[in-house]
Amino acid sequence: MRKRFVLFRWELLCLVVLSFAHTQCTSSAPSFGERGYAEKGKASYYSDKLRGRKMANGQPYRPGKRTAAHKKLAFGTKVKVTNPRNGRSVKVRITDRGPFTGGRILDLSKSAARKLDMVSSGVVPVQMEVVKEGKR
């Protein structure tokens, strides 16, 4: 009888541990483009020569607006971009496609680049997080 009780306790303990481990393994990480979705990579910023040219969403590029280009996020998506070197961050709206240079995840407007203090560097590592989903 005692052996059966010890075995039952052991089985119960294993069941509890496995159920806890299972809940820890299931990911509730946001899907691509959803609020909370994040990426790390490098960001650059648009040249002043592009002022007034049409972006992929049809609007003209305006260096004073806080906008960005991303390869796949929906237009209108708002993202928080942080420069981990200095802790500065800025919220931008996705209005264009790009960048098309390997390793880069965003092209920022000049206003956003200034806010991150990256104008003199040109390209900096960034962390990006979706704060508001765009319309698909």
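Nothing in this text is a laboratory measurement; each read-out follows from the coordinates by a stated rule. From a predicted model like this one, the values you see are computed outputs, not experimental measurements. FYI the Cβ positions are ideal-geometry reconstructions off the backbone, even for glycines, and counts take in every protein chain you see.
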| note | So, for the Cα atoms of the stretch 72-112, Rg and Dmax in Å stand at 10.7, 28
| message | Can you sort 101, 82 from fewest to most other Cβ atoms within 10 Å of each residue's own Cβ? | response | 101, 82
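By counting other Cβ atoms within 10 Å of each Cβ, how are 28, 111 ranked from fewest to most? Could you put the intermediate results ahead of the total?
Values: 28 5, 111 17.
Ranked by crowding around the Cβ, least crowded first: 28, 111.
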| note | Here the Kirkwood hydrodynamic radius of the stretch 38-132, Cα-based and in Å, equals 12.8
| note | The answer for residue 118, listing residues at least 5 apart or on another chain whose modeled amide H is closer than 5 Å to its amide H, is none
| task | Enumerate the calculated ³J(HN,Hα) couplings along the stretch 44-59 in order (Karplus 6.51 cos²θ - 1.76 cosθ + 1.60, θ = phi - 60°), each rounded to whole Hz, writing x wherever the residue is Gly or Pro. | result | 10, 9, 5, 6, 5, 5, 8, 3, x, 6, 5, 8, 4, 7, x, 8
| note | Looking only at lysines whose Cα falls under 23 Å of residue 71's and that sit 8 or more positions away or on another chain, we get 40, 42, 49, 54, 80, 91, 110, 115, 132, 135
| request: Compare the peptides 31-38, 73-80 by average per-residue count of other Cβ atoms within 10 angstrom and give them in order, highest first. | output: 73-80, 31-38
| Which whole-number percent is the relative contact order of the stretch 24-128 (Cα, under 8 Å, 6+ apart)? | 37
